[in-house]
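The values are calculated or read from the model by the stated rules, or taken from the named source; none is laboratory data. A quick note: this is a predicted structure, and the numbers were derived from the prediction, not measured. Note that each Cβ is placed from the backbone with ideal geometry, even for glycine, and that neighbours are counted across all protein chains shown. What goes into the accessible areas is simple: the full protein's heavy atoms, side chains included, and nothing from ligands, DNA or RNA. Shrake-Rupley method; radii C 1.70, N 1.55, O 1.52, S 1.80 Å.
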Amino acid sequence: MQSRSQFWTVSYRYRGQAKTHTSSALTQPETAARNWATATSWTWVTDVALTEHLTIKTDRPIRMEDLPGPGEPTLVPPCPAPVHEIRRFFRVQDYGPPMLPTGDHVRRFLSWVADGRARRTSPSPMFHGDIRFPDPVTLQVRDIRLILASRQIPRDRLPA
């Protein structure tokens with residue numbers, strides 16, 4: 001599964017100052033155009049820039065045997081231009097932390113779930129309270145990749 005999100009920012013400097021001021025994320029092209037027009041109309045502002053930011057998220061299932069091996073880092077593909085950054089991590093679908101950075105973290109988390117499930121079925125008192133421990137075999141591990149790209153664009157390149 002792949003999803004895309006796009007937003008824009010407007011940056012400018014006050015005349016005679018080095019600090020750059022940048023807007024928050026502007027999710028609508030009309031809002032970005034209005035912010036750019038306002039900033040360019042101010043006589044005390046210089047270096048107005050409109051930046052387009054694009055995030056592409058790829059989310060696919062991955063088998064346990066395809067995870068990076070014990071002690072191995074999570075490999076990230078090279079960053080082609082104009083991509084600013086690529087991030088890769090794992091998560092267990094619908095359960096657990098939102099980001100597991102390595103295969104070791106995934107294995108350790110699933111082991112914790114299995115141990116919790118075993119403790120929950122024993123007659124001993126519960127230390128963790130009422131935590132849901134599903135069967136680890138039913139949990140699907142996902143490989144998440146985020147591609148982050150930014151580039152300055154002229155005002156007329158905003159979508160209509």
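Numbers at a glance
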| read-out | value |
| --- | --- |
| Low-density loop positions, trypsin sites (Lys or Arg not before Pro), the range 1-85 - DSSP coil, at most 11 other Cβ in 10 Å | 15, 19, 63 |
| Fraction of the pair-distance distribution of the range 59-125 above 18 Å, Cα-Cα pairs, percent | 49 percent |
| Chymotrypsin sites (Phe, Trp or Tyr not before Pro) within the range 1-73: DSSP coil, no more than 16 neighbouring Cβ in 10 Å | 42, 44 |
| Efficiency of FRET from Cβ geometry, residue 54 and residue 132, R₀ 45 Å, rounded to 0.05 | 0.80 |
| Cβ-Cβ FRET estimate between residue 14 and residue 83, R0 fixed at 45 Å, reported to 0.05 | 0.90 |
| Percent carbon-and-sulfur accessible area, the chain, ignoring ligands, DNA and RNA, probe 1.4 Å | 56 percent |
| Size of the chain as Cα extents on the principal axes (Å, biggest first) | 74, 35, 32 |
| Degrees between helix 103-121 axis and first principal axis of the chain (Cα, 0 to 90, nearest 10) | 50 degrees |
| Cut-off 9 Å between beta-carbons: net charge of the residues surrounding residue 146, Lys and Arg +1, Asp and Glu -1 | +3 |
